[in-house]
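Accompanying notes for the structure given below.
The values are calculated or read from the model by the stated rules, or taken from the named source; none is laboratory data. These numbers were taken from a predicted model, which means no experiment stands behind them. Neighbour counts run over all protein chains shown; Cβ positions are idealised from the backbone, glycine included. For the accessible areas, the whole protein counts, side chains as well, though only heavy atoms, and no ligand, DNA or RNA atoms are used. Shrake-Rupley method; radii C 1.70, N 1.55, O 1.52, S 1.80 Å.
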Amino acid sequence: MTEIIETHLYIDGAACRASDGGTYEIHNPARPSELVGHAAAGTADDMDRAVRAAHSAFPAWAALSYVERADILRKVAAALTEDTAAVEARARIFTREHGKILRETHLEISRLGERFVQSADYAERLAQDEIIRATRNDTIVTRQPRGVAALVVPWNWPLAILGAKLPQALMAGNTAVVKPSANSALAPTLSLHRIAELLPPGVVNIVTGSASRIGDALIGHPLVRFVNFTGSVDVGRHVMKVAAENITPVTLELGGNDAGLVLSDADLSPQTFENLYRAAFMSTGQICYALKRLYVHRSRFDELVDGLRAVVDAQVVGDGLLPETTMGPMNNARQLRTVTGMIDEARARGANVLELGQVPDTELYAQGYFQRPALVIGADPALSVVREEQFGPVLPILSFDSEDEAVAMANDDQFGLASSVWSTDTGRAIALARRIEAGYSFINAHGPSANDGLAPFGGFKKSGIGRNFGYEGVTQFQGFHAIAGASGLLA
Ligand code: NDP
């Protein structure tokens with residue numbers, strides 16, 4: 001019999017139930033009748049208490065030096081992975097509530113720890129003020145933390161995305177209230193409790209529950225000084241409006257419809273096909289910067305389709321807990337409907353759709369939120385599978401004749417998150433990447449497995465505002481403070 005998990009809120013240094021005792025159920029997307037656990041259904045009162053706790057904890061946390069905070073962050077990183085049995089247990093819960101394969105849930109857990117270390121490594125650089133000595137004034141330009149940071153995480157990569165905002169907010173000197181996604185709350189909450197327990201009370205607070213009850217209560221709270229949101233464009237727009245009421249600054253990491261350009265001189269080796277597969281289909285394609293449109297030079301089109309098709313067809317679709325599974329179900333029924341709708345539309349309009357992969361357990365496949373990995377060959381650019389973010393396991397492949405045409409097609413989109421160029425000529429690839437409207441471009445790679453987290457990450461156009469990751473990922477949680485006096489002050 002499988003264990004049923006129960007998770008709690010965490011406010012002001014203590015785990016607690018929702019103020020009205022409410023909980024909600026989370027089911028396994030591989031077999032939706034299986035209950036994985038109950039998460040606390042926080043209320044607006046709980047959210048208010050969490051924000052006030054973070055506000056009270058802020059002065060003492062902000063007063064620590066960067067080195068002191070870095071030491072604490074390193075201890076948190078070590079604690080996240082030190083107990084291998086506990087990590088394995090959390091990873092299994094994560095796979096059961098989310099659907100993604102066990103290898104990826106482990107990857108997310110370790111990524112979260114790595115981001116704490118990365119943020120701690122900026123201590124020395126963060127401590128450097130800029131000094132301006134000029135005719136009229138001598139000025140120290142320093143930065144100070146903002147206060148309570150509201151951190152909103154989506155379901156698709158909940159721990160890795162938490163790793164793009166929580167360590168950075170803390171390193172910068174902020175305290176935090178985290179709202180995990182209702183669709184994947186159990187494993188993230190367990191990791192968050194472990195983190196919060198190692199910090200002074202109130203520094204990290206966790207409120208799970210339905211966004212309709214607690215979302216605006218967090219974003220619109222007058223004591224929240226910064227919002228870092230990752231999710232959809234529609235909710236991002238709403239978040240920006242609610243935050244505007246208190247002139248609260250926002251970072252928004254929204255959707256993407258990433259283009260990959262395969263040039264005539266690309267190295268189409270077996271490793272490249274593996275990389276392309278991972279770029280498009282990792283986490284069942286539910287990644288904001290997954291490869292979502294592939295443009296291939298006409299001279300290499302057939303070769304690319306044959307090679308990629310073979311790799312995709314070898315994938316095993318099933319329960320993410322089984323070692324042989326390489327692709328799990330989608331996370332939820334709504335997202336599955338979106339993707340199957342796009343595939344059905346492509347087929348109805350005459351596209352060549354290949355649904356690939358091996359399905360050892362057809363009974364399970366019929367029950368769960370499964371979609372085999374699909375390629376849409378020679379897709380019409382007007383199809384929704386090309387125009388819209390699929391957020392699922394389907395990749396349209398289109399051809400181009402000239403680089404100008406490829407760039408124009410890549411940029412003809414509402415999003416501008418990431419992109420990739422595949423070529424053996426590095427100079428040519430970089431020159432082309434510079435012409436793509438994207439916040440991050442990969443060369444001969446694409447997606448989270450190729451991102452070391454050291455550069456700012458975010459998008460143009462509807463992909464959002466601001467940047468996570470890298471040094472800027474920390475300093476976004478701070479504001480400038482200039483301290484000036486007449487020239488000679490700093491002599
Ligand atoms: P949603 O926008 O539906 O939700 C994102 C988060 O916002 C969830 O935690 C959700 O809570 C919460 N939320 C909803 N309403 C409010 C509100 N009024 N106030 C505060 N928080 C609120 O996105 P999904 O979770 O469905 O994630 C998928 C989307 O996220 C895709 O479009 C994808 O492109 C994008 N994404 C972008 C990334 C990036 O880095 N650019 C990374 C990952 C995903 P609840 O779950 O409880 O509804």
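Brief remarks follow.
- Measure of compaction for region 43-104 (Cα Rg per 2.2 N^0.38 Å): 1.61
- Other residues within the sphere of radius under 9 Å centred on the Cβ of Arg428, judged by their own Cβ, net out at -3 (K and R +1, D and E -1).
- Prolate/oblate/rounded call for region 251-336, Cα gyration tensor, a/c under 1.5 rounded: oblate
- Region 1-104: C-alpha gyration tensor shape, a/c 1.5 cut-off, then a/b vs b/c: oblate
- With 5 Å bins beginning at zero, the pair-distance distribution over Cα atoms of region 79-232 amounts to 2, 9, 17, 20, 18, 13, 9, 5, 3, 2, 2, 1, 0 %.
- In the structure shown, the pairs Lys241/Lys292; Lys292/Lys462; Lys292/Lys461; Lys165/Lys292 are assessed against 20 Å; a Cα-Cα span above that value is assigned to Lys241/Lys292; Lys165/Lys292.
- Length-normalised contact order for region 128-281 - Cα pairs under 8 Å, 6+ apart - percent: 20
- Along the chain, the exposed loop sites are trypsin sites (Lys or Arg not before Pro) outside DSSP states H, G, I, E and B with at most 10 other Cβ atoms within 10 Å, and the longest stretch free of them is 137-433.
- Computed over the Cα atoms of region 136-216, the ratio of the radius of gyration to the Kirkwood radius (Rg/Rh) comes to 1.10.
- Computed over region 188-291, the ratio Rg/Rh where both radii use C-alpha atoms and Rh is Kirkwood: 1.13
- Coarse-grained scattering of region 30-159 at q = 0.11, 0.14, 0.16, 0.19 Å⁻¹, given as base-10 log I(q)/I(0) from a Debye sum over alpha-carbon atoms: -0.62, -0.90, -1.08, -1.26
- Region 363-491, accessible surface, carbon-and-sulfur percent (1.4 angstrom probe): 54
- Compactness of the chain, taken as the C-alpha radius of gyration over 2.2 N^0.38 Å, stands at 1.00.
- Per residue, region 200-320 exposes 33 Å² of solvent-accessible protein surface, assessed with a 1.4 angstrom probe and all protein chains in place.
- Pairs of C-alpha atoms in region 367-491 farther apart than 22 Å represent 51 percent of all such pairs.
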